[in-house]
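**Q** This is the structure, below, for whatever I ask next.
FYI, it's all coordinate maths here, none of it is from the lab. Note that the structure is predicted; figures quoted are calculated from it, not measured. FYI the Cβ positions are ideal-geometry reconstructions off the backbone, even for glycines, and counts take in every protein chain you see.
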Amino acid sequence: MGAHRAGIRQKLRQGAVFGIAVAHLAVIGSSVTLHHGELVVTLRVLVAGGAGFIGSHLCDYLVAEGNEVVAVDNYITGRAQNVAHLAGHERFTLREHDVTQPFAWRGDAVFHLASPASPEGYLRHPFETLWVNAAGTDVLLDLARESNAKFLFASTSEVYGDPLVHPQTEAYWGNVNPVGVRACYDEGKRFGEALTMEYVRQYDVDARIIRIFNTYGPRNDPGDGRVVPNFIAQALSGQPITIYGDGSQTRSFCYVRDLVRGMAAAMFTPGTQGEVLNLGNPDERSIRDFAATIMRLTGAEAPIVHRPLPADDPKRRRPDITKAQERLGWRPTVSLEEGLGETIAYFRQELGKQTLP
Ligand code: NAD
Ligand code: UDP
């Protein structure tokens with residue numbers, strides 16, 4: 001049983017909170033049932049960007065926990081096939097919709113993950129990226145406000161830009177180029193964060209912000225240009241591994257299963273309204289070492305080629321996750337080697353399918 005359901009059950013056992021919780025649930029229409037002597041709450045959850053890489057894993061997690069999930073996506077960078085295995089599930093619905101346009105929904109919790117996320121994705125869709133983090137965030141915050149629902153904004157370590165403080169704590173304000181090519185994403189997310197905090201301050205919406213650091217795993221889009229899918233696909237197909245720059249820049253990679261646990265904890269842990277939380281794995285590696293790890297795990301002997309470092313590519317990145325550890329009791333548990341093992345197995349299967357006639 002996940003931490004948040006345990007939390008909800010525990011809460012419901014406490015008399016005073018029980019009355020409030022059930023009254024609230026009655027207003028918004030969530031169901032409360034008795035199962036083996038325990039009260040079980042089925043929360044109605046909206047996942048914007050639910051057909052994306054992380055969104056699809058979050059939908060899996062929330063459905064498995066007994067919740068009723070509506071995923072909304074316009075497929076600009078996501079794929080319906082990411083949630084195809086949930087099609088027909090009685091507690092899962094997929095709706096094609098652009099969240100910058102208002103729509104109807106009532107429920108208990110809104111996860112806002114809708115945004116291109118890879119550098120190639122947002123450089124291809126700069127206006128859509130700015131807009132979904134501005135207008136899309138506003139539409140979704142409004143829905144949360146109308147439903148008196150919880151809200152979580154999926155921000156990014158990119159708000160720290162090319163950081164001058166290392167590792168990055170939530171208190172660091174960042175070093176972002178506001179007019180550079182990555183600004184559509186970095187500044188889009190920074191605007192989304194500011195908007196979220198105004199909904200907390202002005203309307204008392206129960207919202208929080210998570211800053212996600214590089215996350216990887218099965219369903220990483222093989223074509224989105226990020227380093228994990230690029231290196232694995234290159235290694236498995238015997239193509240040269242493309243290191244940008246000299247490979248001394250660092251990233252810290254979090255396995256997606258760890259991340260979604262952290263996202264649920266950030267949403268449902270009491271006392272997180274208005275909080276900003278880093279979620280990521282502090283295991284920092286240089287891109288050069290990362291390439292060597294992929295080659296070792298795939299058994300590939302592909303050559304390494306160097307390509308120019310993209311503009312404004314951050315030199316170092318590692319989350320300080322002390323706050324998430326203390327406030328949520330969360331930390332990642334999957335090692336890079338273990339997570340990459342599962343990801344490589346997924347890519348072997350996917351790339352195998354592509355070469356079939
Ligand atoms: P993704 O591109 O796979 O998923 C994003 C989803 O949002 C896609 O399915 C896309 O089609 C959808 N979307 C975009 N604009 C939309 C709109 N206007 N209306 C409806 N749907 C829309 O990316 P991801 O890696 O799963 O990232 C999910 C979220 O997490 C993003 O907000 C991203 O900024 C954030 N994040 C991800 C990482 C990471 O390493 N993957 C790191 C930091 C932050
Ligand atoms: N990178 C690389 N080769 C690739 C793709 C990316 O060397 O084929 C580098 C990129 O320059 C960056 C790091 O890997 O320093 C992570 O890139 P990614 O696009 O995955 O995410 P970012 O953290 O930059 O948003």
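**Q** Kindly provide the helix-only [θ] at 222 nm of the chain, computed as the sum of -39,500 (n - 2.57) over DSSP H runs of four or more divided by all residues, to the nearest 500 deg cm²/dmol?
**A** -12500 deg cm²/dmol
**Q** Another question about this same structure. Rank the residues Tyr75, Tyr122, Tyr160 as a footprinting-exposure proxy: fewest other Cβ atoms within 10 Å of their Cβ go first.
**A** Result, fewest neighbours first: Tyr75, Tyr122, Tyr160.
**Q** A further question follows. Suppose R0 equals 30 Å; then what is the FRET efficiency for Thr293 and Glu120 from their Cβ-Cβ distance, rounded to the nearest 0.05?
**A** 0.85
**Q** Counting Lys and Arg as +1 and Asp and Glu as -1, what is the net charge of the other residues whose Cβ lies under 10 Å from the Cβ of Ser147?
**A** Net of charged neighbours comes to +1.
**Q** Using just the Cα positions, wrap the chain in a convex hull and report its mean projected area in square nanometres, one decimal place.
**A** Taking the Cα atoms of the chain, their convex hull projects to 18.2 nm² on average.
**Q** Based on the mean of other beta carbon atoms within 10 Å per residue, what is the order of 85-96, 339-350, most packed first?
**A** For the peptides 85-96, 339-350, the packing ranking is 339-350, 85-96.
**Q** With Cβ to Cβ distances under 14 Å as the rule, what net charge do the other residues near Thr93 carry (K, R +1; D, E -1)?
**A** That works out to 0.
**Q** Turning to a different aspect of this structure: If you line up the long axis of helix 256-268 against the longest principal axis of the chain, both from Cα atoms, how many degrees apart are they, to the nearest 10?
**A** Taking Cα atoms only, the helix is inclined about 30 degrees.
**Q** Calculate the spin-label point distance for Ser237 paired with Gln349, positioning each point 7 Å from the Cα along the beta-carbon direction, and give it in nanometres.
**A** If labels sit at Gln349 and Ser237, their model points lie 2.0 nm apart.
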